[in-house]
Amino acid sequence: MIAKILPCWQAKRQIISALGTNYQKSKCMIPYFQALPVAQAMPSFEKTPGEPKLTDLFSEEMEERMRAEGHLFSRRTSVPIAGARQVEAEETVETIVKEFKEDTRLAKVGDWVVTGSTGEQFKNTDAEFHENYEQDESGQWLPKEKSVLVLPNPTGEPIAIIPPWANEENPGPQRGDEHCFIVFVLSPQGDFTDNRYLIANEDILHTNYTEVV
């Protein structure tokens, strides 16, 4: 059983390696965290027309490229997020940036829907929300400090990733166009964490992060 044998990042790498660039939207994109037999976890996939290339952010090549070419940024902690509301009834949240659908997630009661700097919306669980944001005296929600390495999409074409928030109800993928940025969140010691995702464009990056020079 993959989920019982391999750590999460190793299982992700094994599944993505098995898929290569061929996949389709289905629950089969999530076996790396489910206790499924290998035969079920690695079916044959056919690429859906128009879908971007599935990119492995845990590959040695990507990690080496991030170390060599990634730019260090820190989260802007003084700029309040545009909005946040706690979910009172189950709903589907689509993250759309400039008409590009980046992600679709199911939000349950108690989760949060966050509005980003360009009006895009995305879901956080209650734990994720309070890990990422804190409320000031005026009631506004401010991002908490974190450091990230950022790499412009090196492929020159749209890509898709299995995001860190993927689960059975929200299998992903997260998508980005040729102008997106790949982000690795760093630990306090400066090591790569498993928190790796995409930022849609340069405007969102520089609105929310400051480059460390």
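The values are calculated or read from the model by the stated rules, or taken from the named source; none is laboratory data. The structure displayed is predicted, hence computed values, not measured ones. Cβ sites come from the backbone with ideal geometry, for glycine too, and all protein chains shown count toward neighbours. Side chains are part of the model used for accessible areas, which takes the heavy atoms of the whole protein and leaves out ligands, DNA and RNA. Shrake-Rupley method; radii C 1.70, N 1.55, O 1.52, S 1.80 Å.
What to note about this one:
- Residues in the stretch 73-92 that are assigned to a strand (DSSP E or B) and either over 28 Å from S187 (Cβ atoms) or not hydrophobic (A, V, I, L, M, F, W, C) (or both): S74, R75, G83, R85, Q86, E91, T92.
- Test for I159: is it in contact with a Ser or Thr (Cβ under 7 Å, 6 or more places away or on another chain) and hydrophobic (A, V, I, L, M, F, W, C): yes
- Test set (1) open to solvent by less than 60 Å² (accessible area, probe 1.4 Å); (2) under 17 Å from M62 (Cβ atoms); (3) in contact with a Lys or Arg (Cβ under 8 Å, 6 or more places away or on another chain) - E157 fails condition number: (1)
- Residue within the stretch 99-118 that is farther than 23 Å from V185 by Cα, outside any loop (DSSP other than H, G, I, E, B) and open to solvent by less than 60 Å² (accessible area, probe 1.4 Å) present: yes
- Hey, V114 modelled with pLDDT of 95 or more and either of a type outside the set (K, R) or within 15 Å of L198 (Cβ to Cβ) (or both) or not: no
- Odd one out for E64 among (1) free of Cβ contacts under 8 Å to residues at least 60 places away in the same chain; (2) surrounded by 14 or more Cβ atoms within 10 Å (Cβ to Cβ): (2)
- Among residues that are part of a helix (DSSP H, G or I), at pLDDT below 65, out of contact with any Cys (no Cβ under 7 Å at 6 or more places or on another chain) and open to solvent by 60 Å² or more (accessible area, probe 1.4 Å), Q14 is included.
- Within the stretch 114-136, the set of residues being free of Cβ contacts under 8 Å to residues at least 40 places away in the same chain, closer than 18 Å to R76 by Cα and not hydrophobic (A, V, I, L, M, F, W, C) comprises T115, G119, E128, H130, E131, N132, E134, Q135.
- Of all the numbered requirements in (1) surrounded by 14 or more Cβ atoms within 10 Å (Cβ to Cβ); (2) in a loop (DSSP other than H, G, I, E, B), I96 misses one, and that requirement is (2).
- Applying the condition of being touching a residue at least 24 places away in the same chain (Cβ under 8 Å) and more than 14 Å from the chain's Cα centre (by Cα) to the stretch 154-176 and asking which residue is nearest to R85 (Cα to Cα) yields E169.
- Subset of the stretch 141-153 (residues that are touching a residue at least 60 places away in the same chain (Cβ under 8 Å) and either surrounded by 14 or more Cβ atoms within 10 Å (Cβ to Cβ) or touching a helix residue (DSSP H, G or I) at 6+ places or on another chain (Cβ under 7 Å) (or both)): W141, L142, P143, K144, K146, S147, V148, L149, V150, L151
- Within the stretch 173-188, the presence of at least one residue that is assigned to a loop (DSSP other than H, G, I, E, B), out of contact with any Gly (no Cβ under 8 Å at 6 or more places or on another chain) and open to solvent by 50 Å² or more (accessible area, probe 1.4 Å) is confirmed.
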